[in-house]
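All of the numbers you see were taken from the coordinates with simple rules; none came from a lab. Please read these numbers as outputs of a predicted model, since none were measured by experiment. Cβ sites come from the backbone with ideal geometry, for glycine too, and all protein chains shown count toward neighbours.
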């Protein structure tokens, strides 16, 4: 793009528009805002029938800019409140280097982009509404529910989505897109000439497992549950071909007893303690599902989504990894 002064069709200056940046289609937008405009929004279109006059076109562009800016402000991720002690349980399962940089307040070199912010915003709103409804429906079975209950340990803090103290049950909810849900559950929906089929599922993300069991362990729960909820359910035809129950089209549930999850939670808490003490060696969390190895990251490790990815590549001998899926 290049800067030019905006003029009308008759060569006169158009008042109130100031300097503009010329796009591929010749339209102009205020220079300070041009980075927020999609290329498609610069096409010479006039849906309101303004005859293609620059003022009308710029009114459309102005509305587009305002909407995009409002969307950006709306979906920009904000931290959930926590009990404010040590490492957050939402960081469970992340590598020790990332946790250490977070503790030091190092500014992320690779923050989420706007599309990622949108996904997180949608998931967060759905998550909150669903948690409230689930708490009400489960109360007759599990007793009183404490949603967003704060959790504290000597080295960490967080909150649990649903805590039922009478049943001593802790529930962690995770909303997600089609790809993550299908990979975890071993579903191939089919594409082109390939038919839907079942395949070996990767199971729940180790980070989600550790977050769930850390909360459960700290609360003295007898059972921990991790619930995956797909925002894009498996289509009916695919579900019929794979023999899926109706609820399996959008949900997957894993549960563990205290005897099962206590060793995982205690190992992660020990790792947190070493990180807080300044030891950067405990890079990798405990292996709870075969997703990790003692040597370091394996397929599926989310380095590609880490907020300190570029910094990590600069300060280590790691080679850049592709997207894990």
> By counting other Cβ atoms within 10 Å of each Cβ, how are 88, 270, 202 ranked from fewest to most?
Replying inline: 270, 202, 88
>> I'd like the distance between the alpha-carbon centres of region 224-283 and region 160-221, rounded to an integer number of Å.
In response: 4
> Hey, can you rank 192-201, 165-174, 227-236 by average C-beta count inside 10 Å, highest first?
Replying inline: 165-174, 227-236, 192-201
>> Full-extension gain between residue 124 and residue 106, please, as 0.36 nm times their residue separation minus the C-alpha to C-alpha distance.
In response: 4.0 nm
> Quick one: which of 141-152, 203-214 comes out on top by average Cβ neighbours within 10 Å, and what's the full order, highest first?
Replying inline: 203-214, 141-152
